[in-house]
Amino acid sequence: MKPKILVVEDKPENIAASKECYSMREEYDFAYAIDYDEAMTTLGGTSYTGIITDCFMPNKTGSGN
């Protein structure tokens, strides 16, 4: 089974670039979330080996989230 990586990014151009870059990495399964809420929902249904995330999410920043 391949390791699963979740990429969380709110800017469409960065998601597109990530998909292009990571498409060459056949040894991993990548999933994508476009914001904090989608990431939390995605994490609730699947176990991931790692997460690559944007550091700033509009409306969901700070140590509380």
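The values are calculated or read from the model by the stated rules, or taken from the named source; none is laboratory data. The shown structure was predicted, so the numbers you read here are calculated from the model rather than taken from an experiment. Here the Cβ positions follow ideal geometry from the backbone for every residue, glycine too, while neighbour counts run over all protein chains shown. For accessibility, only protein heavy atoms count, side chains too; no ligands or nucleic acids. Shrake-Rupley method; radii C 1.70, N 1.55, O 1.52, S 1.80 Å.
Just the residues that are closer than 15 Å to C55 by Cβ and outside any strand (DSSP E or B), please, taken from region 31-42. Full working, then the answer.
Of the residues in region 31-42, the ones closer than 15 Å to C55 by Cβ are 33, 35-36, 39.
Passing the criteria: D35, Y36, A39.
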(message) The conditions are (1) surrounded by 11 or more Cβ atoms within 10 Å (Cβ to Cβ); (2) not small (G, A, S); (3) not in a helix (DSSP H, G or I), and F56 fails exactly one of them. Which is it?
(response) (1)
(request) Search region 1-30 for residues being without any contact (Cβ under 8 Å) to a residue 40 or more places away in the chain and in a strand (DSSP E or B), and hand back the single one that is least open to solvent (accessible area, probe 1.4 Å). (result) F30
